[in-house]
Structures are given as C-alpha cells and as structure tokens.
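Where a number appears in this text, it was derived from the coordinates with a stated rule and is not lab data. Keep in mind that this is a model prediction, so the values were computed, not measured. Note: ideal-geometry Cβ built from the backbone for every residue, glycine included; neighbour counts use all protein chains shown.
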Amino acid sequence: MAGTAAWTLEKELCGDIDRVTWCAWSPDSTRLALASEDHILRYRRTTMRVWDVSAGREVARLVGHVGALTHCAWSSDGSQLASASDDRTVRVYDANTWGLVVRLVGFGFRVLSCAWSPDGTQLACALAGKQVRVLDVNTWSEVTMLEGHDAAVTSCPWSPDGARLASASDDGTVRVWDVGSWLQVAKLDVKQHGRGVTRCAWSPDGTRLVASTELSTVRVWHVNTLSEAAELYEHDGYVSSCAWSPDGTQIASALNEEAVCVWDINTRREAAMLKQGQNADLTHCAWSPDGARIASTSSDGPVRVWLAADRGTSTTRAAAATDAATAAAANDSTAALSPLSVAAVPSAAAAAAAAVAGAVAAAPSAAAAAAATATSSASKKPCVN
C-alpha cells in the first residue's frame, strides 16, 4: 500500500473562509471555484470565491445567494460559472467579467447539484424534491424533468460524450438516462443498509460510473453491462465525494475522517492517503483536468491543493486575468421556473411579471445588485507557498 509520497501539499487557500462545501476546477486547470460559508461578526454569508491557483490569490468573490451553497460548476469552455444553493435558486456568472448572467428561481426545492452538458447547451439541476430538471441554456426554457427517484437527487453528471445523464440519489440508486429520448436506460442499486449515494461520476471514456456512499464504500460499474467493476472499502464513515483521474486509472474519494484516499482502479488498492488535518470533515475532492492536482475542501479549515510529484511546479496564468472581477450589475437578468417551463425575464420587467404570474423573483435593488456582483480581492495569499 502506497503512502503520500506520490503527492505533496502544494498550498493552502485561506483567508476568511469558515466552511467550504464544494470546489470546481476551471477547464484549463488554472482557477478553482469554491462554494463557501463565511462568518463576519455575528452574520453568516454564503460566497462563491474564485482563486488563481498558480498565483495563490483570490480573483473574484460572488455573493447573492441567501442559503448555503451546495455546488458550483464551470461550463465546458470555461466561459460561465454556475452556483446552486439551498435557497432554491441557481445563479450563472460570466467568467470573464464576473457579471450575473441569469438567476433561476422557482425550482420549489433545494438545488443540490448542477452540471453543464459537454457542448455547453444545457444545464442539469438535481433537486431535493427527487427530480432532475434540464434547461436549455440559450432560452433558459425547460427541456425535460426527470422523475423516478424516491429521495433527493444528489448529483447529475453528464457522460463525456453528452449522450447520457446519470443521477445519484439518497434512495440508494444511480439511474442512467438517454439524452435523445430522456428515457431511463439503467438503474444501479448502491443501497447498503438503507444508506444513500452521495455523488457519482463518469469515467473519462464514458464506460464506467463511480459512486460514493454514506456507508464507507466507493463502487464502480460497467455501464453497458451493469456489472460491478470494483468495490473499494474505506475506513468506517461517510464518503462525501468521488472523482476520476483524467486518465481513468485512479479514483479519489473524500472521507469524513479528514483525508482524501486515492485508489488505483486496476489493483483496487490504496495508492495514497492525503491528510486534510485535524477536526475537519472533508466535504469534497476534485481532480484538476490536467491531472496535476487534487483539491480538497472541508467543514473547518483551508482548501488544500495537492500536487502530483511528477508534475513539478505550476505554470502561471496571464496577469490580466487575475483582476477580472469588475462586473456591472446592469448585466443582471432573472429567470423563473414554472412546474413545466422556464422563461427568461429581463430585470426591468421582473417586478411586473411577478405581479402577473407570481413566479418571477423581484428585480434586485441597486444596493443588492451591487452586493451580488463580484469584488476583486487581490491581496489574498496562500498559507503554504
């Protein structure tokens, strides 16, 4: 069994971060988005932060959600960033200006996850109300609502070719949907003593699915044959997240026991154990698209970035990109979801539309809109250089 020699702690992203529930790498592996919760004096604020990992500095801080952030996801081309929240909304930002592109309301349930299709034309949203809602990004109209789970849907990743969508649930199953017909084509039973599935993820070649469970295991299936490829036993406890390496040879899983476990999928053995620290339950782990790094987040403490030993030091991004957080609130627009459809509504007409339909969120005030835009925070430094 290998130790941590293959990975070294490159840096810790700190600042006034109290809790981070999720992190997501940009497609070019240079930026890391964090779904965080901060306490300022007696007040709690949920914030999505974006860090330039190579420079070790925070480049954007996006506020506006009134509930805890559950998820964040980059579009496949890195041009947009979506955030999901317990406040039953999804917000989409322009990743160049950090302006608010659209605010999606009316889901009716907590939004636990969101995922962009590989071609960037659709956004899937996993709901605590047992459904997955798929939206057309160009019109923000609803494409379909996927139903069949018996409990909250915790994740909804697309297959790499965009032909299928998987949904994991607290009901202990992972379901696979055909995107052409939106029919369920597979159901994988992960149920163990009544425990649910925390996350699922497609292998890079789209042939396998990995699922992490509430009862200490990570399980892998061949999707086409529905046969189990591997069952990886963790230490006792909750496994909050799982992620494939970009080459498909390893799987990282976040344990509630303060560590990320890296598995060799061929040998089914532990390849490394990355310790997060004391008294910090891990909430998520994410592999960078270039395979060089793993980021881990926790309930209490900094975000840690681990560097693969054979990848050397990181390359720096263009300096101009680090100060991009200067969006104007005028870019704000609001969209509302009805039980059957989603309709984009300009900010100026939002109040009137709400009075008629009762389904559109009121346009933000000037002060609220200003607070909801990104603010640059160039002074942040990593705890570990």
Practice prompt. Kindly put Ile251, Ile265 in sequence by how many other C-beta atoms sit within 10 Å of each C-beta, fewest to most.
Written response: Ile265, Ile251
Worksheet item: Which chymotrypsin sites (Phe, Trp or Tyr not before Pro) in the range 133-231 pass both tests, a DSSP loop state and at most 15 other beta-carbon atoms within 10 Å?
Response: Trp182
Worksheet item: Rounded to the nearest 0.05, what FRET efficiency is calculated for Val66 and Asp310 with R0 set to 56 Å and r the Cβ-Cβ distance?
Response: 0.80
Worksheet item: Please identify the trypsin sites (Lys or Arg not before Pro) of the range 93-166 that satisfy two criteria: DSSP loop assignment and at most 15 other Cβ atoms within 10 Å. Which are they?
Response: none
Fill in: Around Asp170: net Lys/Arg minus Asp/Glu count, Cβ-Cβ under 14 Å
+2
Worksheet entry | Förster-model FRET efficiency, 45 Å R0, Glu228 and Glu12, C-beta, rounded to 0.05 | 0.75
Fill in: For Trp25, net neighbour charge (Lys/Arg +1, Asp/Glu -1) across residues whose Cβ lies under 10 Å away
0
Discussion item. Placing +1 on the Cβ of each Lys and Arg and -1 on the Cβ of each Asp and Glu in the range 15-124, which of Ser117, Leu81, Leu62 has its Cα farthest towards the positive end of the resulting dipole?
Written reply: Leu62
Item to complete: Would you mind calculating the gained length between Asp136 and Thr207 on full extension (0.36 nm times residue separation, minus the Cα-Cα distance), in nm to one decimal?
Response: 23.0 nm
Discussion item. Could you check the spin-label model distance between Lys187 and Asp94? Points 7 Å from the Cα along Cα→Cβ, value in nm.
Written reply: 4.5
Practice prompt. Starting with the fewest neighbours, write out Asp28, Asp170 ranked by other beta-carbon atoms found within 10 Å of each beta-carbon.
Written response: Asp28, Asp170
Worksheet item: Measuring from label point to label point, each 7 Å out along Cα→Cβ, what is the Glu270 to Ser76 span in nm?
Response: 3.7
